[in-house]
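Colleague: What follows is a structure written as structure tokens; I'll ask about it next.
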Amino acid sequence: MTSARDVARVFEYLSIESEGTPIEKTRLNKLLYFAQGHAFTKLGHEMFSNEIDAWDHGPVVAVVWTGFKKIVDRTEKNGISDVQISPDEMDVIIDVWEQYKHLTAKELVDITHQEGSPWRDIYKPDTKNLHIPKDLIKQYFARPENSLKDGLSDIEKLPTVNALPAEEYDPDEDSMWEALLHGAN
């Protein structure tokens with residue numbers, strides 16, 4: 001099973017590579033929550049076994065929160081060549097990064113605090129060690145409005161071209177290509 005620390009190291013690596021800076025602790029924990037939720041729907045199982053707790057500023061993986069400096073230092077020193085993550089899990093992590101990378105920690109917190117979110121359903125002020133049930137996370141991310149967007153939907157699709165416009169069509173060039181493709185001289 002993948003560890004939350006390894007997933008955190010991949011997000012740290014992606015932040016350094018694409019933004020040139022280490023990831024913020026709060027932002028990282030929200031991305032871990034999204035990775036866990038989207039893993040349930042994309043992979044059919046959890047991304048990591050660590051509990052996600054309902055803290056004041058949203059979902060948090062406590063071992064990542066407390067071990068944040070070690071995660072950053074290890075990633076900066078070793079990269080991610082030693083993380084134990086399957087290719088399918090890596091795809092989910094990268095998809096989560098692509099969907100949420102443009103959002104600040106505050107914006108991610110706001111998303112996790114929305115009405116009907118698992119954090120919102122579980123959180124109680126001044127209460128420690130409130131685990132967000134994995135079934136609740138799984139159900140929430142299974143809803144179409146909370147699903148991970150298909151990467152292709154964000155890319156402008158090129159129109160299908162069946163023929164060149166008349167002003168660009170050259171029948172002599174077309175004949176030449178036909179001859180080359182079919183082995184004629």
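The values are calculated or read from the model by the stated rules, or taken from the named source; none is laboratory data. The shown structure was predicted, so the numbers you read here are calculated from the model rather than taken from an experiment. Glycine also receives a Cβ, built like all others from the backbone with ideal geometry; neighbour counts cover every protein chain displayed.
Colleague: Given the conditions (1) of a type in the set (A, V, I, L, M, F, W, C); (2) over 16 Å from the mean Cα position of the chain (by Cα); (3) at pLDDT below 95, which single one is not true for Trp65?
Modeller: Failed condition: (3).
Colleague: Now for a different question. Only one of Ile71, Ile94 is β-branched (Val, Ile, Thr) and modelled with pLDDT of 95 or more; which?
Modeller: The match here is Ile94.
Colleague: Would you please name the residue that is nearest to Ile16 (Cα to Cα), looking only at residues in the range 66-80 that are assigned to a loop (DSSP other than H, G, I, E, B) and of a type outside the set (A, V, I, L, M)?
Modeller: Gly79
Colleague: Is there any pair linking a residue in the range 1-18 that is closer than 15 Å to Ala62 by Cα to one that is crowded, with 20+ Cβ neighbours inside 10 Å and of a type in the set (D, E, K, R), with Cβ under 9 Å and at least six apart or on different chains, and which?
Modeller: Val7/Glu89
Colleague: Taking only the range 118-153 into account, find how many residues are in contact with a Leu (Cβ under 9 Å, 6 or more places away or on another chain) and farther than 20 Å from Glu98 by Cβ.
Modeller: Qualifying residue count for the region: 5.
Colleague: Shifting gears a bit: If you check every pair at least six apart or on different chains, which have Cβ atoms under 7 Å apart with a residue in the range 98-120 that is under 21 Å from Glu51 (Cα atoms) first and a residue that is part of a loop (DSSP other than H, G, I, E, B) second?
Modeller: The qualifying pairs are Ala105/Glu24; Val109/His57; Pro118/Ile132; Trp119/His113; Trp119/Ile132; Arg120/His113; Arg120/Gln114.
Colleague: Hey, could you check the range 16-36 for residues that are polar (S, T, N, Q) and modelled with pLDDT under 95 and say which is nearest to Lys106 (Cα to Cα)?
Modeller: Among those that are polar (S, T, N, Q) and modelled with pLDDT under 95, it is Thr21.
Colleague: Just checking, which of Ala54, Ala8, Ala39 is assigned to a strand (DSSP E or B), crowded, with 20+ Cβ neighbours inside 10 Å and at pLDDT 95 or above?
Modeller: Ala54 is the lone residue from the list that is assigned to a strand (DSSP E or B), crowded, with 20+ Cβ neighbours inside 10 Å and at pLDDT 95 or above.
Colleague: Could I ask something else about it? When residues of the range 42-51 are filtered for being assigned to a helix (DSSP H, G or I) and either without any contact (Cβ under 8 Å) to a residue 60 or more places away in the chain or surrounded by 20 or more Cβ atoms within 10 Å (Cβ to Cβ) (or both), how many remain?
Modeller: 1
Colleague: Counting only residues that are assigned to a helix (DSSP H, G or I) and crowded, with 18+ Cβ neighbours inside 10 Å, how many does the range 84-96 have?
Modeller: Counting residues in the range 84-96 that are assigned to a helix (DSSP H, G or I) and crowded, with 18+ Cβ neighbours inside 10 Å gives 5.
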